[in-house]
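J.: There's a structure below that I have some questions on.
The values are calculated or read from the model by the stated rules, or taken from the named source; none is laboratory data. Treat the numbers as computed from the prediction; the structure is a model and nothing was measured. So basically every Cβ, Gly included, is an ideal-geometry build from the backbone, and we count neighbours across all protein chains shown. Surface areas here come from the heavy atoms of the whole protein model, side chains and all, with no ligands, DNA or RNA. Shrake-Rupley method; radii C 1.70, N 1.55, O 1.52, S 1.80 Å.
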Amino acid sequence: MALKPLDDRIVVRPSEAEEKTASGLVIPDTAKEKPQQGKVIAAGAGKVKEDGKRVALDVKAGDLILFGKYSGQEIKLDGEEFLIMREDEVLAVIDEAESKKAKK
């Protein structure tokens, strides 16, 4: 990807919205909710504090994250939709290995 976020911003590829409910009902496009999780594609170098030191980000490329419903700015690049948001808009990082263990 040729997109490099600045400072404490990250680029996120949102997960696809659910097509069906748990009971098997198909959800039309107009009724789908915006996804609230996605994968971090790129991360900036970190925020610069007042004393000039840079604070590294807690998230990195490849992390699966949860974010607020209306977080970030939507952009379209090469026909794909992405979100650019600040790190402080991230609610949690999902540990994929732990979530797989919990499902067993």
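J.: Among the residues in region 3-22, are any modelled with pLDDT of 85 or more, of a type in the set (S, T, N, Q) and within 24 Å of Glu80 (Cα to Cα)?
T.: No, there is no match, as no residue in region 3-22 is modelled with pLDDT of 85 or more, of a type in the set (S, T, N, Q) and within 24 Å of Glu80 (Cα to Cα).
J.: Continuing with the same structure: Would you pick out the residues in region 58-80 that are at pLDDT 90 or above and farther than 20 Å from Lys47 by Cβ?
T.: Gly62, Leu64, Leu66, Glu74, Ile75, Lys76 - these are the residues of region 58-80 that are at pLDDT 90 or above and farther than 20 Å from Lys47 by Cβ.
J.: Moving on to the next point. Within region 36-55, which residues are open to solvent by less than 80 Å² (accessible area, probe 1.4 Å), modelled with pLDDT of 90 or more and within 17 Å of Glu96 (Cβ to Cβ)?
T.: Within region 36-55, Gly38, Val40, Ile41 qualify.
J.: Quick one: Lys76 ticks every box in (1) more than 11 Å from the chain's Cα centre (by Cα); (2) more than 18 Å from Ala2 (Cβ to Cβ) bar one, so which box is it?
T.: (2)
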